[in-house]
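Written below as structure tokens is the structure these notes are about.
The values are calculated or read from the model by the stated rules, or taken from the named source; none is laboratory data. Predicted model only: the values in this text are computed from it and were never measured. All Cβ positions, glycine included, derive from the backbone under ideal geometry; neighbour counts span all protein chains shown.
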Amino acid sequence: MEAINDVHVSEPGLVVIDIAAADDETAFTFHTALAARWATTSVERTTRDPGQPGVRLRCFLDLRQPLGPPGHLERPR
């Protein structure tokens, strides 16, 4: 994976999440669960590291937004 850019963690509440999973479906399902609760970047693909098991997925999350109940998707205004 690429190095973490300073801007992605430039303020309290900004998080970089590296997901390692057995397969694409598991990685995307976990990302969807995060996105249902917090603002996250969209993701389109996973990566595979040669010689390593499973897949990797990186997303960026913003904990500064108000939380809704689990499963609640707040629509942009």
Looking at (1) modelled with pLDDT of 90 or more; (2) in a loop (DSSP other than H, G, I, E, B); (3) not small (G, A, S), which is the one condition that is false for P12? (1)
Could you pull out the residue among R45, R64, R37, R56 that is in a strand (DSSP E or B) and charged (D, E, K, R)? R56
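Quick check on A21: is it modelled with pLDDT of 90 or more, under 16 Å from the mean Cα position of the chain (by Cα), surrounded by 14 or more Cβ atoms within 10 Å (Cβ to Cβ) and of a type in the set (G, A, S)?
Yes.
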Just to check your reading of the model, which residue among R48, R37, R75, R64 is modelled with pLDDT of 90 or more and not hydrophobic (A, V, I, L, M, F, W, C)? R48
